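Q: One structure coming up, written as structure tokens, with questions to follow.
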Amino acid sequence: MSSIASPSLASKARRPLLKSAFHGLLAGTALSMLGLSPVTAQAQGFPDKPISLVVPFAAGGPTDVVARTLAVSMTKTLGQSVMVENKTGAGGTIAATHVARSAPNGYTLLIHHNGMSTAPTLYRKLAYDPLKDFEYVGQVVDVPMTMLGRKDLPPQNLGELVTYVKSHKDKINLANAGLGAVSHLCGMLFQQAVGTELTTVPFQGTAPAMTALMGGQVDILCDQTTQTLPQIKAERVKLYGVTTMERIAALPDTPTLDESGLKGFQMVVWHGIYAPKGTPSDVVAKLTAALQTALKDPGVVQRISDLGAVIVPEAKQTPAGLHDWLKSEIDRLGPLIRKAGVYAD
Ligand code: MLT
């Protein structure tokens, strides 16, 4: 049977299209008589329904915590609910694919971290191009990571952990949130620095990985302070160090991995908000303004600081700030990942 529609069906199907194109033309003419471009009119009505902010990892984890903190403030500014939606799997690439394929109208956004810059090299069959398939709202916060062990892991400091890991490598489980997750990258750097390969256990986010660490089902986890600080303070896990080059204000007595002997060990997590390619520029501008307002909101500023994270400078809280940073990170990390030979098919 032929798959070509009959002429009568084809012309019936074409009519509504012609009609709506004609209405669009009339609307455009009316708007230009008022001195407004059709694009401006989109932003004027925006938003008139809830916005979905897609988090690529499990609820309750570090990305989710940042997203929910922002969502409360952006909801106030935009006058519509910004609802956090968790779409987990494949190190964040399932969520990024979903947003890249969503309608470009500002109602579906993605918050993602360094994984946006590593996925194009880590995943041979990536369904999106981070530099072609998105509009950029702005960068958000930078977050240090912490190297943790289960509470009853014998080593008492990083030096002891390195020795222990080397002599127990077949028995140690390293948790992460999948290929492309920052917990995965940090764990890879740790194994390289120690010179040992460990068994890794992937989860849908570091929220379930942290539950497994506290339950003693896994042994070590490198994770962001936005999730780990409360567990460290409640002594539910053992802390071995922070992954920044300088000590952090939230944990002033905790040595960096660098100062404890893993020279040059550095891992900082950065976050950005993205919209599908083709989202009108003035809708993106409204979202950027709401993001910038959130990052000055005293409640958000306090919460971010309590979580050990740092709000990025205003020049980075912009479309160009995010795009340029993302591009420089893809260029920087691509060759390193290719050299390490880590891939997913
Ligand atoms: C999360 O939100 O679960 C983390 O950001 C996952 C990760 O990248 O380690």
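Q: In what sequence, largest accessible area first, do GLU329, GLU135 appear using a 1.4 Å probe?
A: So, going from the largest accessible area down, we get GLU135, GLU329.
Q: Between segment 130-186 and segment 51-89, how many Å separate their Cα centres?
A: 23 Å
Q: If you count only protein heavy atoms and use a 1.4 Å probe, how large is the accessible surface of ILE330, to the nearest 10 Å²?
A: 30 Å²
Q: Taking just the alpha carbons, could you work out the radius of gyration and Dmax for the chain, both in angstroms?
A: 23.1, 79
Q: Further question: Quickly estimate the mean residue ellipticity at 222 nm for the chain, helices only: each DSSP H run with n ≥ 4 gives -39500 (n - 2.57), and the total goes over all residues, rounded to 500.
A: Theoretical 222 nm ellipticity from helices: -14000 deg cm²/dmol.
Q: Using heavy-atom solvent-accessible surface (probe 1.4 Å) with all chains present, what is the largest-first order of GLU197, GLU259, GLU85?
A: GLU197, GLU259, GLU85
Q: Rank these by accessible area, largest first, 1.4 Å probe: TYR136, TYR274.
A: TYR136, TYR274
Q: Between segment 221-257 and segment 274-332, what is the separation of their alpha carbon centroids in Å?
A: After rounding, the separation between the Cα centres reads 25 Å.
Q: Let me spell out the model: positive unit charges on the Cβ of Lys and Arg, negative unit charges on the Cβ of Asp and Glu, origin at the Cα centre of the chain. What dipole size does that give, in debye rounded to 20?
A: Magnitude of the dipole: close to 1080 debye.
Q: I'd like the accessible area for ILE337, computed on protein heavy atoms only with a 1.4 Å probe and all protein chains in place. Round to 10 Å², please.
A: Accessible surface of ILE337 is approximately 20 Å².
Q: Tell me, what ³J(HN,Hα) does each residue in segment 96-103 have, in order and in whole Hz, if you take phi through Karplus 6.51 cos²θ - 1.76 cosθ + 1.60 with θ = phi - 60° and put x for Gly and Pro?
A: Whole-Hz 3J(HN,Hα) from phi for segment 96-103: 5, 4, 4, 6, 4, 9, 7, 4.
Q: Then there's this: So with the 1.4 Å probe, I'd like the accessible area per residue for segment 144-242, rounded to whole Å².
A: 38 Å²
Q: Counting only DSSP beta bridges with both residues in segment 144-242, tell me the antiparallel percent, nearest 5.
A: 60 percent
Q: Rounded to the nearest 10 Å², what accessible area does ILE94 show when all protein chains are kept and the probe is 1.4 Å?
A: Number for this one is 90 Å².
Q: Given the Cα-Cα distance of SER305 and ALA234 and 0.36 nm per residue of separation, how much length would full extension add, in nm?
A: Length gained between SER305 and ALA234: 23.7 nm.
Q: How large a share of the accessible area of segment 123-177, in percent, is made up of carbon and sulfur atoms when the probe is 1.4 Å and the other protein chains stay in place?
A: Reported share for carbon and sulfur atoms: 45 percent.
Q: On to the next question. Quick one: what do you get for segment 144-242 if you divide its Cα Rg by 2.2 N^0.38 Å?
A: 0.94
Q: Can you tell me the length gained on complete extension of the stretch LYS151 to ARG124, counting 0.36 nm per residue apart and subtracting the Cα distance?
A: Once the chain is fully extended between LYS151 and ARG124, it gains 5.9 nm.
Q: I'd like the Kirkwood hydrodynamic radius of segment 199-342, using the inverse of the mean 1/r over distinct C-alpha pairs, in Å.
A: Here the Kirkwood hydrodynamic radius works out to 18.0 Å.
Q: If amide hydrogens are placed 1.01 Å from N in the peptide plane, which non-local residues have theirs closer than 5 Å to the one on TYR136?
A: Under 5 Å from the amide H of TYR136 lie the amide H atoms of ALA275, each far enough along the sequence or on another chain.
Q: Across segment 208-215, in residue order, what do the Karplus-derived ³J(HN,Hα) couplings come to in whole Hz, using 6.51 cos²θ - 1.76 cosθ + 1.60 with θ = phi - 60° and x for Gly and Pro?
A: In residue order, the calculated couplings are x, 5, 5, 4, 5, 5, 5, x Hz.
Q: Counting DSSP beta bridges with both partners in the chain, what percentage is antiparallel, nearest 5?
A: That works out to approximately 60 percent antiparallel.
Q: Less than 11 Å from a label point 7 Å out along the Cα-to-Cβ axis of GLU246: which backbone N atoms in segment 264-299 qualify, by residue?
A: It comes to no residues whatsoever.
Q: May I pose another question? Under 5 Å between amide hydrogens, which residues at least 5 positions from VAL84 or on another chain qualify, with H placed 1.01 Å from N in the peptide plane?
A: Excluding prolines and chain starts, which carry no amide H, the hits are LEU53.
The values are calculated or read from the model by the stated rules, or taken from the named source; none is laboratory data. Just so it is clear, the model here is predicted, and its values are computed rather than measured. Note that each Cβ is placed from the backbone with ideal geometry, even for glycine, and that neighbours are counted across all protein chains shown. For accessibility, only protein heavy atoms count, side chains too; no ligands or nucleic acids. Shrake-Rupley method; radii C 1.70, N 1.55, O 1.52, S 1.80 Å.
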